[in-house]
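The values are calculated or read from the model by the stated rules, or taken from the named source; none is laboratory data. Keep in mind that what you see is a predicted model, and the values were worked out from it rather than measured. Please note: Cβ atoms are built from the backbone with ideal geometry, for glycine as well, and neighbour counts cover all protein chains shown.
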Amino acid sequence: MTEPTPAATSGPAAEPGTPLLEARNLAKRYGHVRALDGASFEVFPAEVVALIGDNGAGKSTLVKILSGATRPDGGQILVEGRPVQLASPLDARKYGIETVYQDLALAPDLDAAANLHLGREIYLIPFLRVLNKAEMRRRAVVAFKDLGVELPDVSAPVGTLSGGQRQSVAVARAVAYASKVIFMDEPTAALGVVQRGRVLDNIRRVRDQGISVVLISHNMPEVLAVADRVEVLRLGRRVARYRASETTIDQLVGAMTGALDIADPKDLS
Amino acid sequence: MSDTGAVQTGQRDSSPGPRDDSRDVASRRLLRRLVTGNVTWVFLALIIEMAYFTAAAPGKFLTANDLSLISQTAAPFLLMAIGQTFVIITAGIDLSVGFVLVLSGVVAGEYYLSHGAANASTGTIWIGAVIGLAVGAGWGLLQGILVAWAKIPPLIATLAGLGGAEGISYLITGGSDLRVVPNKLVSSIGTGGIFGIQWLIVISFAATLIFGLVLTYTQFGRYTFAIGSNPDAAARAGIRVNRHLLKVYALSGLLSGLAGVLDLGYFGTTTISGHSLDNLTVITAVVLGGASLFGGRGSMVGTLIGVYIPAMLATGLIIVGVNQYWQYVLTGAVLAAAVYLDQFRRRLRERL
């Protein structure tokens, strides 16, 4: 099975120029396990791209590499066409890449404003590292408002918030700092139906602000509802790419499981 | 699954959700404040305690002299409790405080002994004090390395540190206390003061104020809470968790060292054997003050009150003529209640 040719040239709806973020032939092994085996992945400006695959397909490894948490054994990462090294999550952040982790990575005893600025505090007296709490709270309120999120109380410990609210705090934090791409790892896995809808709204709103979202999800209807494009990983490599509007759940599942043979590049977009 | 007051999508429904949402949120917030306002509870306990003893022994309890004596006795504990507060908020524990106090006092005392003994100059006293502080900070740093880099659980790392500090103290002194302390140190720390307030009290309260501000208003305090609350999240946010833990344990050691030097001046001797239960007293105070052993929560005001509740209890019981050993029984009961309350609040928070 060969790697499909880049969408930029072969896609039916021509992609807008160079990808914002691109992974080329990434390889990563853990002992005898080949988590990634020449995986490629592209994110174009202001799109929601879903990254799907069965368990063990290499999704989380790919996300870890692209968010700087893990280093690949081989392959290339390009941001706006330029090769970059992502040695740590801080490196990824420098390039405008943020990640909303599945566990949200919030400190439950700190309030929403503190979590939003965690590691990026604003200071009243920089020399003494005295926090400017009022300014951080003000910016937090603005950040939540920009996202269309309403929190009952920005100064309540996030541990006291509902699952959906916590999720929005994590998303708002990513949006506040991401200039290019946000990775969202199974953002709806722990949520109820109503909250899922809100998260999907969040994702669309982020895209409408011009930031691309990479959605990692198991939920196919959800993927088709919110994504513009879908890239499918299987056994550590990309096996298919679809426009969400032109594909079906059966097709996606087929590509994920290998039931559908995608040797014919016409199936790919 | 109800999700009242959750994320409301402003664009889609311009009305701010169902009416009873806001009332629900407000009452929930009130409930949360009431239940989680731990410092209020402990403060109330302190007030009741003071009121009881004042009523039981009118004119005897809480005289200026009394209060001064209580505060002087409490000063070393308060200093150690300040550091312990930071440690406990990171979800750690420091069992070594009492013997770091002893070790610092012994090393400073040895220095004085070999540099003029009772007649040591003011300069010598300062140098000895700095040495005592450095020993405390160094010992704390060592324990921090065990906790942060060697990943030894804090309970064990500081238990090992306790043993080491105790052993070295005995090795240095040969088992008997140093009884020669510079006169100037005793006359300043032991009896002297400023505006009629003893130095011990001034120093311990100044430290409480300063580190209370550090805890609440600076990056250092914020990271301390963040690490105790969710170390992974802190690390992913770019906080250098290990380095911060080193600083926190070093701070605890430093303040124990300060307590050691002050203790030396106050008692005029090293009192090696008198500090084996300091750690429990200090941890009790911090936990009474609302800090959570699970990390992420605590306050300096709470710790201050937590130090004073048992201290006043001890004096109060003596004054009303009750066997003072009831102090330990009562403190134990209050401690158990405080921790139960903390766990209860945690469970409640999950549900709120």
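In summary, A:V214 fulfils each of the numbered conditions (1) more than 23 Å from A:M136 (Cα to Cα); (2) at the interface with another protein chain (Cβ under 10 Å from one of its Cβ atoms); (3) buried (at least 19 other Cβ atoms within 10 Å of the Cβ); (4) among the β-branched types (V, I, T) with the single exception of condition (2).
Per the listing B:G295, B:G253, B:G306, B:G265, the residue uniquely within 14 Å of chain A (Cβ to nearest Cβ) and buried (at least 20 other Cβ atoms within 10 Å of the Cβ) is B:G295. Do we have any residue at all in the range A:124-136 that's more than 8 Å from chain B (Cβ to nearest Cβ), surrounded by fewer than 17 Cβ atoms within 10 Å (Cβ to Cβ) and not hydrophobic (A, V, I, L, M, F, W, C)? Yes, the range A:124-136 has at least one match. Consider the range A:36-48 and keep the residues that are assigned to a strand (DSSP E or B) and within 19 Å of the chain's Cα centre (by Cα). The one that is farthest from A:I203 (Cα to Cα) is A:L36. When B:I239 is tested against (1) more than 14 Å from every other protein chain (Cβ to nearest Cβ); (2) assigned to a loop (DSSP other than H, G, I, E, B), just one condition goes unmet, and that condition is (1).
Is it the case, given these coordinates, that A:L78 is of a type in the set (A, V, I, L, M, F, W, C) and modelled with pLDDT of 90 or more? Yes, satisfied. Taking the criterion of being surrounded by 21 or more Cβ atoms within 10 Å (Cβ to Cβ) and touching an Asp or Glu at 6+ places or on another chain (Cβ under 8 Å), the only residue of the range A:137-153 that qualifies is A:F144.
Is there a residue being more than 11 Å from every other protein chain (Cβ to nearest Cβ), on the phi > 0 side of the Ramachandran plot and in a strand (DSSP E or B) anywhere in the range A:76-93? There is no residue in the range A:76-93 that is more than 11 Å from every other protein chain (Cβ to nearest Cβ), on the phi > 0 side of the Ramachandran plot and in a strand (DSSP E or B). Evaluating B:G59 against the criteria (1) outside any helix (DSSP H, G or I); (2) buried (at least 19 other Cβ atoms within 10 Å of the Cβ); (3) modelled with pLDDT of 70 or more leaves one unmet condition, (2). Somewhere in the range A:59-74, is a residue over 17 Å from the mean Cα position of the chain (by Cα) and within 14 Å of chain B (Cβ to nearest Cβ)? Taking every residue of the range A:59-74 in turn, none turns out to be over 17 Å from the mean Cα position of the chain (by Cα) and within 14 Å of chain B (Cβ to nearest Cβ). Just one residue in the set B:S188, B:S252, B:S229, B:S273 is at pLDDT below 90 and over 23 Å from B:S68 (Cβ atoms); that residue is B:S273. Determine if the range A:97-114 includes at least one residue that is touching a Pro at 6+ places or on another chain (Cβ under 9 Å), away from chain B (no Cβ under 11 Å) and not in a strand (DSSP E or B). Within the range A:97-114, one or more residues are touching a Pro at 6+ places or on another chain (Cβ under 9 Å), away from chain B (no Cβ under 11 Å) and not in a strand (DSSP E or B). Taken over the range A:186-200, the criterion of being in contact with a helix residue (DSSP H, G or I) (Cβ under 9 Å, 6 or more places away or on another chain) and either over 21 Å from A:I52 (Cβ atoms) or within 12 Å of chain B (Cβ to nearest Cβ) (or both) is satisfied by A:A190, A:L191, A:G192, A:V194, A:Q195, A:R196, A:R198, A:V199, A:L200.
Give the residue that is farthest from A:G210 (Cα to Cα), with candidates limited to residues of the range A:140-150 that are within 23 Å of the chain's Cα centre (by Cα) and more than 7 Å from chain B (Cβ to nearest Cβ). My answer is A:A140. Scanning the range B:309-328 for residues that are within 21 Å of the chain's Cα centre (by Cα) and of a type in the set (A, V, I, L, M) yields B:I309, B:A311, B:M312, B:L313, B:A314. State which residue is nearest to the other protein chains (Cβ to nearest Cβ) when the search covers only the range A:151-172 and only residues that are under 12 Å from A:P108 (Cα atoms) and β-branched (V, I, T). Once the filter is applied, the top-ranked residue is A:T160.
Check the range B:262-283 and report whether any residue there is within 14 Å of the chain's Cα centre (by Cα) and free of Cβ contacts under 8 Å to residues at least 12 places away in the same chain. The answer is yes; a qualifying residue exists. Condition check: hydrophobic (A, V, I, L, M, F, W, C), farther than 29 Å from A:A35 by Cβ and within 11 Å of another protein chain (Cβ to nearest Cβ). Does A:A176 satisfy that? It is false that A:A176 is hydrophobic (A, V, I, L, M, F, W, C), farther than 29 Å from A:A35 by Cβ and within 11 Å of another protein chain (Cβ to nearest Cβ). Entry remark, the range B:186-234: residues being part of a helix (DSSP H, G or I) and within 13 Å of chain A (Cβ to nearest Cβ) number 21 in total.
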